[in-house]
Amino acid sequence: MDNEAVGVGNTDVALISVLKDPHADFDYRPEYQRLAVLTLLRMNQPDEAIRVLKQAIFHMPSYTPFWLDLATAFAAKGDKDSAISALVIAYNWAHKPTRLLQEYENAAQANGAMSALFRDAIIVANANTSALDQLDASVPQSTENPAPSKPEEFPRIDFKSCTKPQWPRTSLRYEETGSVTRSFLVGANGKLAYAKVIKSSGYVELDHAALVGMTNCPFIPGKKDGTPFTARAMMQYVWTIE
């Protein structure tokens, strides 16, 4: 989503970008909910904006602008901790996190009402990234969709107990297809620690939908000599219309 960083720290810019979006289809795209949220924020109704956002996020947690708007709403209420958390989650979901972090840095230097919050969010996001990189480098990595092997067996999704990811309505309407490859870090308890895109499908909605769908599936942890251990696995999901 090329415009997910537009309007960071400035709801007026975000509102204008939504209204001018030539691709907006309010029956299918999340911009419909966002338009309502941005209007509520302009009307100084953060509580109602938060209510609408929580409902929207429940249905589409991967839409980064929702989390950015939620941060703005929490900041308007003086809830700094929640605002920072929302900014960090927005960064975690971002299709282009490096670009979004640059926008955070610009907003932090602008001496706006949320500048201090952006500075704190940058610190937390960088710390989380560093910790995950260290963890990622410390564990074994399997090949794509590995077959069980002995004495090591890498983690994999239990596809027999897994339902297929749901097609994003916008992607289905515009017949977007492609394959997304993600790297998953799975703990010895079979819980997913994190995931990241290795190869994009070319469409952020498909990438996010594949992640949400696959993380809702049960994982079988990796084992070494029969003992579960933390390891990474590569998974690919192909979106195709038959």
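The values are calculated or read from the model by the stated rules, or taken from the named source; none is laboratory data. Since the model is a prediction, treat every value here as computed from it, not as a measurement. FYI the Cβ positions are ideal-geometry reconstructions off the backbone, even for glycines, and counts take in every protein chain you see. Side chains included, ligands, DNA and RNA excluded: accessible areas come from the protein's heavy atoms. Shrake-Rupley method; radii C 1.70, N 1.55, O 1.52, S 1.80 Å.
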Please indicate, with yes or no, whether at least one residue in region 115-125 is under 30 Å from PRO221 (Cβ atoms) and open to solvent by 50 Å² or more (accessible area, probe 1.4 Å).
yes
Taking the residues in region 198-242 that are among the hydrophobic types (A, V, I, L, M, F, W, C) and open to solvent by 60 Å² or more (accessible area, probe 1.4 Å) as candidates, determine which candidate is farthest from ILE89 (Cα to Cα).
ILE241
With respect to PHE58, is the statement that it is under 18 Å from the mean Cα position of the chain (by Cα) and modelled with pLDDT under 85 true?
yes
How many of the residues in region 55-102 are of a type in the set (Asp, Glu) and surrounded by 19 or more Cβ atoms within 10 Å (Cβ to Cβ)?
1
For region 146-155, check the following and say yes or no: at least one residue is closer than 22 Å to HIS59 by Cα and surrounded by 14 or more Cβ atoms within 10 Å (Cβ to Cβ).
no
List pairs: first in region 173-195 and closer than 19 Å to TYR237 by Cα, second among the acidic types (Asp, Glu), Cβ under 6 Å, 6+ apart or cross-chain?
VAL180/ASP207
